[in-house]
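Below: the structure, in structure tokens.
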Amino acid sequence: MAIDYQSLAVRGVQALSPYQPGKPIEELARELGLDPAEIIKLASNENPLGPSDRALAAAQRALSELCQYPDGNGFNLKQALSERLGVGMDQITLGNGSNDVLEVIARCFADAGSDVVFSQYAFAVYPLVTQAIGAKGVPVPARDWGHDLDAMAAAVTDRTKLVFVANPNNPTGTVHKARAIESFLEKIPANVLVVLDEAYCEYLTGEDYPDGVQLLSRFPNLIVCRTFSKAWGLAALRVGYSVSSAAIADILNRVRQPFNVDTIALSAATAVLEDEDYLQRSREVNSAGLRQLEQAFDRMGLRYIPSAGNFIAVEVGESAMGVYQTLLAHGVIVRPIAGYGMPRHLRISVGLPKENERFIDALAQALTSSGLSD
């Protein structure tokens, strides 16, 4: 007798669609017969500088330890983060990327009888992990493509266990300043946990922007999540972490899988935290790249969402998927975001100047062939 294994999955998982990452270079090369060396990928918000020399050297040294399990507690990385952030090591939870930590948080603090609040157009992992554990997602309509914090606070009920806030937000790049985040946290009951996802926080400069870690002493129900995949340039190694009260971290570390961050990743992440020059170059290249893209969109008469991340969403119209496919034919990979409810937009990761220019030229040709430009 044939068994319907789909029906054996728990209800929340049955209705899930897999997360769709940016198309890999190798996949596009196979599909279209292109030279991988001639393809540029501006789809996954990766650091165009390549990895830090310090991270590379540390990873190389760690290769001799491949036969041994990693440090399950990540002592050296936690110690480096503790010193940099001014928190206790017992406040840190390490993850196989920040997505891992987000899932652990959901599994620890929400269930089938609870609600999870997040914004429209927010990171796809929030509804994904919510649905997987059988909780009810409560998407709150966005305001100007970003989080409507007042509406999100009003959506909290007695059933609410978690609220996810991305600042800056992916895929829209919108950001709230410090006072707005603090005002929002003041409205949330102490028994509701707020997850402040700061995956792109290293690109923010200036006192007007919040540092979630500095808010932990005032808001014990706050969990701050960060990653080494963006400004720190270690996306392939999958290292993320959260900072919270020691009590919350204790819960998370009970559920976190042992050895969830490998030895090479731990070594490279610990080393890159000392490379301030690399971080500063990442910021400078990103800032200049955003200006380069914005100026090009202005010349083309395209509307875009001002971004505080290392990417930008641009509106190219109803034929966005056609434009995307044409860009692929030119060897340029960007990210369609119809899955986020934004079918008229494409999200462009900031590249090096020549990569940005190559995209701009290809976009102009794609718009012309689609009849969207003279």
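The values are calculated or read from the model by the stated rules, or taken from the named source; none is laboratory data. Note that the coordinates shown come from a computational prediction; the quantities given were computed from them, not determined experimentally. We place every Cβ from the backbone using ideal geometry, glycine too, and count neighbours over all the protein chains shown.
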Some residue of the stretch 323-344 being without any contact (Cβ under 8 Å) to a residue 12 or more places away in the chain and among the basic types (Lys, Arg): no
Members of the stretch 357-374 that are part of a helix (DSSP H, G or I) and either touching a residue at least 40 places away in the same chain (Cβ under 8 Å) or buried (at least 20 other Cβ atoms within 10 Å of the Cβ) (or both): Glu357, Arg358, Phe359, Ile360, Ala362, Leu363, Ala364, Ala366, Leu367, Ser369
Subset of the stretch 220-239 that is of a type in the set (Gly, Ala, Ser) and not in a helix (DSSP H, G or I) - its residue that is surrounded by the fewest Cβ atoms within 10 Å (Cβ to Cβ): Ser229
Single condition Ala112 does not satisfy, out of (1) modelled with pLDDT under 95; (2) surrounded by 13 or more Cβ atoms within 10 Å (Cβ to Cβ); (3) not assigned by TED's automatic domain parsing to the domain that holds Ser349: (2)
Filtered residue count, the stretch 326-356, keeping only those that are assigned to a helix (DSSP H, G or I), out of contact with any Gly (no Cβ under 8 Å at 6 or more places or on another chain) and either surrounded by 14 or more Cβ atoms within 10 Å (Cβ to Cβ) or modelled with pLDDT under 95 (or both): 8
Any hit, the stretch 253-260, residues being closer than 30 Å to Glu103 by Cα, aliphatic (A, V, I, L, M), surrounded by fewer than 24 Cβ atoms within 10 Å (Cβ to Cβ) and in contact (Cβ under 8 Å) with a residue 60 or more places away in the chain: yes
Residue match in the stretch 333-350 (condition: touching a Lys or Arg at 6+ places or on another chain (Cβ under 8 Å) and of a type in the set (S, T, N, Q)): yes
Hits in the stretch 309-325 - residues which are part of a loop (DSSP other than H, G, I, E, B) and either buried (at least 19 other Cβ atoms within 10 Å of the Cβ) or aromatic (Phe, Trp, Tyr) (or both): Gly309, Asn310, Val316
Meets criteria (part of a helix (DSSP H, G or I), touching a strand residue (DSSP E or B) at 6+ places or on another chain (Cβ under 9 Å), assigned by TED's automatic domain parsing to the domain that holds Ala190 and over 20 Å from Asn169 (Cα atoms)) for Ala249: yes
Some residue of the stretch 280-301 being charged (D, E, K, R), in the same structural domain as Arg84 (by TED's automatic domain parsing) and under 22 Å from Ser98 (Cβ atoms): no
So Asp158, is it part of a loop (DSSP other than H, G, I, E, B), at pLDDT 95 or above and either touching a Gly at 6+ places or on another chain (Cβ under 9 Å) or not assigned by TED's automatic domain parsing to the domain that holds Pro306 (or both): yes
Residues (touching a Lys or Arg at 6+ places or on another chain (Cβ under 9 Å) and under 27 Å from Val239 (Cα atoms)) located in the stretch 186-203: Val192, Leu193, Asp197, Glu198, Ala199, Tyr200, Cys201, Glu202, Tyr203
Matching entry among Ser242, Ser217 (being within 22 Å of Gln91 (Cα to Cα), surrounded by 21 or more Cβ atoms within 10 Å (Cβ to Cβ) and either of a type in the set (S, T, N, Q) or in contact with a strand residue (DSSP E or B) (Cβ under 9 Å, 6 or more places away or on another chain) (or both)): Ser242
Complete set of residues in the stretch 153-174 that are of a type outside the set (Ser, Thr, Tyr) and more than 20 Å from the chain's Cα centre (by Cα): Ala153, Ala154, Ala155, Val156, Asp158, Arg159, Lys161
